[in-house]
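Structure first, then comments.
The values are calculated or read from the model by the stated rules, or taken from the named source; none is laboratory data. These figures come from a predicted structure and were not determined experimentally. As a convention, Cβ positions derive from the backbone with ideal geometry for all residues, glycine included, and neighbour counts pool all protein chains shown.
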Amino acid sequence: MKKAFDVIALGELLIDFTENGVSAQGNPLLEANPGGAPCNVLAMLQKLGKRTAFIGKVGKDMFGIQLREAAAGVGICMDYLLEDENVHTTLAFVKTYPNGDRDFSFYRNPGADMMLTMEEVPKEALSNAAIFHFGTLSMTHHEVRLATRKAVNLAREAGALISFDPNLRPPLWNDLEEAREQINWGLAHCDILKIADNEIEFVTGEKDFDKGAAILRERFPNIKVLNVTAGADGSYSFSFGHRVFVPSFRLGGTIETTGAGDTFCACVLNYVLENGAEKLSEKQLTEMLRFANAAAYLVTTKKGAIRSMPEREQVEAILAAN
């Protein structure tokens, strides 16, 4: 039976304040970009024609209103976005370096996204998802962690594939050992994994991607498609004995890397929706990574993420020319 939603994601929805020039007095100007990894993923999936919904919580404030309007504006179903009357929307201030890398300062002690409870997780929605996607920002604190785990279990019971992106942000954890434990829980409960180069080293202790991936595949045989993103170098996919590497597209014009990993993740989920996750061939994995890498490159040429996702035609144009 066809599900009402292709992908439902749970987690943080926040404002990324990014630098955008200086004022006449020489002060930095900050642009309030709607963001949050799970919704970034959904925004790109919407561009690819998929039906998505988001589960989470924002503050009952001007930023919460902005975020709801921005996400709904790109087509994401926001029926399951709740508002907290007492806790403000989470804010992130993003420092961008000349090479496009970023440093985050979070205003989240607490933030509204942390306030989601088990009782607020919508069972009916999760029973209507082909894929459920989550990360670890919704696992940093006890109550929202319980809500996340409940959502994973409900989605699994309903037959959904589970997608996980650790999205490690060390400043948000009281204890990095706790972060490692929660990432391991996510790894043990997912079918599709997107993990960054620094995260695979954090979990396995291995800088070598192949050795790190081998450790993960041995520990977590539940993972059907394991993708490693290596920043400007490209990406790897490990699936049912296959190993594929596809270099990134270095075409110039990169402004910042916000949302690149989320865009990549969305394109992988789109490919799985269209081709399944079981025993993809090396040719298919290469095709999947090329599209995902091209889309990720395009989002780095703009500021922000939710409103900066490329059209399918733009991605295909890059693939055709390269």
Inset, instruction - Confirm whether A232 is in contact (Cβ under 8 Å) with a residue 12 or more places away in the chain and either in a loop (DSSP other than H, G, I, E, B) or closer than 20 Å to A155 by Cβ (or both). - result: no
Inset, instruction - Find the residue count for region 251-280, including only residues that are assigned to a loop (DSSP other than H, G, I, E, B) and either touching a residue at least 24 places away in the same chain (Cβ under 8 Å) or crowded, with 16+ Cβ neighbours inside 10 Å (or both). - result: 12
Inset, instruction - Would you please name the residue that is surrounded by the fewest Cβ atoms within 10 Å (Cβ to Cβ), looking only at residues in region 133-159 that are hydrophobic (A, V, I, L, M, F, W, C) and more than 21 Å from I223 (Cβ to Cβ)? - result: L146
Inset, instruction - Only residues in region 302-322 that are crowded, with 18+ Cβ neighbours inside 10 Å count as the first member; pair them with residues that are modelled with pLDDT under 95 and of a type in the set (D, E, K, R), Cβ under 7 angstrom, at least 6 apart or cross-chain, and list the lot. - result: K303/E31; K303/E256; G304/D16; S308/K302
Inset, instruction - Could you check how many residues of region 47-89 are in contact with a strand residue (DSSP E or B) (Cβ under 7 Å, 6 or more places away or on another chain) and either more than 23 Å from A266 (Cα to Cα) or assigned to a helix (DSSP H, G or I) (or both)? - result: 16
Legend entry - Scope region 193-208; condition surrounded by fewer than 23 Cβ atoms within 10 Å (Cβ to Cβ) and part of a strand (DSSP E or B); matching residues: A196
Legend entry - Yes/no for I162 being crowded, with 18+ Cβ neighbours inside 10 Å, within 17 Å of V272 (Cβ to Cβ), touching a Cys at 6+ places or on another chain (Cβ under 8 Å) and β-branched (V, I, T): yes
Inset, instruction - Could you list, in sequence order, all residues of region 165-175 that are more than 16 Å from the chain's Cα centre (by Cα) and surrounded by 12 or more Cβ atoms within 10 Å (Cβ to Cβ)? - result: L172, W173
Inset, instruction - Among the residues of region 7-38, count how many are part of a loop (DSSP other than H, G, I, E, B) and closer than 27 Å to T136 by Cα. - result: 4
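Results for (1) within 17 Å of the chain's Cα centre (by Cα); (2) acidic (D, E); (3) under 18 Å from L161 (Cβ atoms); (4) at pLDDT 95 or above, shown as yes or no for each residue.
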residue	(1), (2), (3), (4)
D262	yes, yes, yes, yes
C267	yes, no, yes, yes
A294	yes, no, no, yes
G304	yes, no, no, no
V315	no, no, no, yes
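Residues checked against (1) within 23 Å of R169 (Cα to Cα); (2) of a type in the set (D, E, K, R):
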{"position": "G26", "(1), (2)": "no, no"}
{"position": "G49", "(1), (2)": "no, no"}
{"position": "D61", "(1), (2)": "no, yes"}
{"position": "G64", "(1), (2)": "yes, no"}
{"position": "G73", "(1), (2)": "no, no"}
{"position": "I76", "(1), (2)": "no, no"}
{"position": "E85", "(1), (2)": "no, yes"}
Legend entry - Any chance R243 is of a type outside the set (S, T, N, Q), over 15 Å from the mean Cα position of the chain (by Cα), surrounded by fewer than 18 Cβ atoms within 10 Å (Cβ to Cβ) and assigned to a strand (DSSP E or B): yes
